[in-house]
């Protein structure tokens, strides 16, 4: 990716190095699936893992901590700020074309654990978006896991992860997330999982829309970048995660979709560059992006 020397977003809150107590019950997108994977690998009861990230509030970082923590300016911080800035430019333009105003999200960098408006989160559950505060939460150690454990290296693979979470922010602004949440409350668990899959696949597609526009308008991509992104999408499919955990593939339990699904929808957004192709819910159904 040609990311160096570009504009850095100011919408990044760096909480790395801050110690906090546990609180709340927010697992974020994909949290339950990843807890299941960890349970299968370690043999720990998944309910015990769930309790570890849902303990009652034992405190948190103070405003003094927030203001005195040094703002780090390492290379990864610059990379994240650059990618976020590019998503801001891309979605501002797209929302303007839709006759809407884009409200920029904040990206929170943390290490180990973090408190969000959705509750307590940890590095174990991976990056997540909290619609209650409009923030993306990211522990940079996930990028190391993406490379070393999932076999998906590269800066565009990392950018895809950020763009996917920003895609959830776009869904939140358009009211899609709320529609899906309301519908999930009225259906069975299996049908609720299916809706979750469709929501996640749409975020993959929206990440692709960003990638297309970033390359068309700002020539961000280099040779091999698209393959990096598609490889990352494939590496974190539900079927692959279940297989890596040593279990059998259970489509009824998926919340993000298979590798093939994730690659297909990410590629669709990359090729078209228009959110209108991201209707994973079917024409006229819940979740249309207009």
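Residue 123 falls short on exactly one of the conditions (1) touching a helix residue (DSSP H, G or I) at 6+ places or on another chain (Cβ under 7 Å); (2) touching a residue at least 60 places away in the same chain (Cβ under 8 Å); (3) surrounded by 18 or more Cβ atoms within 10 Å (Cβ to Cβ); (4) more than 14 Å from residue 163 (Cβ to Cβ), and that condition is (2). None of 104, 75 is closer than 18 Å to residue 9 by Cα, within 23 Å of the chain's Cα centre (by Cα) and at pLDDT below 95 except 75.
Here 204, 139, 133 are screened, and the one residue that is free of Cβ contacts under 8 Å to residues at least 60 places away in the same chain and either more than 12 Å from the chain's Cα centre (by Cα) or under 18 Å from residue 267 (Cβ atoms) (or both) is 133. Checked against the criteria, residue 253 does not count as closer than 25 Å to residue 101 by Cβ, touching a residue at least 24 places away in the same chain (Cβ under 8 Å) and touching a helix residue (DSSP H, G or I) at 6+ places or on another chain (Cβ under 8 Å).
So that you can scan it fast, the table gives a plain yes or no per residue for (1) touching a residue at least 40 places away in the same chain (Cβ under 8 Å); (2) within 21 Å of residue 245 (Cβ to Cβ); (3) buried (at least 23 other Cβ atoms within 10 Å of the Cβ):
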site: 113; (1), (2), (3): yes, no, no
site: 118; (1), (2), (3): yes, no, no
site: 148; (1), (2), (3): no, yes, no
site: 160; (1), (2), (3): yes, no, yes
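Note on segment 180-196: residues that are touching a residue at least 12 places away in the same chain (Cβ under 8 Å) and closer than 26 Å to residue 84 by Cβ total 2.
Here residue 280 passes the criteria (1) within 19 Å of residue 152 (Cβ to Cβ); (2) touching a helix residue (DSSP H, G or I) at 6+ places or on another chain (Cβ under 6 Å); (3) in a loop (DSSP other than H, G, I, E, B) except the one numbered (1). Kindly indicate whether residue 63 is modelled with pLDDT of 95 or more and surrounded by fewer than 19 Cβ atoms within 10 Å (Cβ to Cβ). Here the answer is no, as residue 63 does not meet what is asked.
The values are calculated or read from the model by the stated rules, or taken from the named source; none is laboratory data. Note that the structure is a prediction, hence the values are computed from the model and not measured. Please note: Cβ atoms are built from the backbone with ideal geometry, for glycine as well, and neighbour counts cover all protein chains shown.
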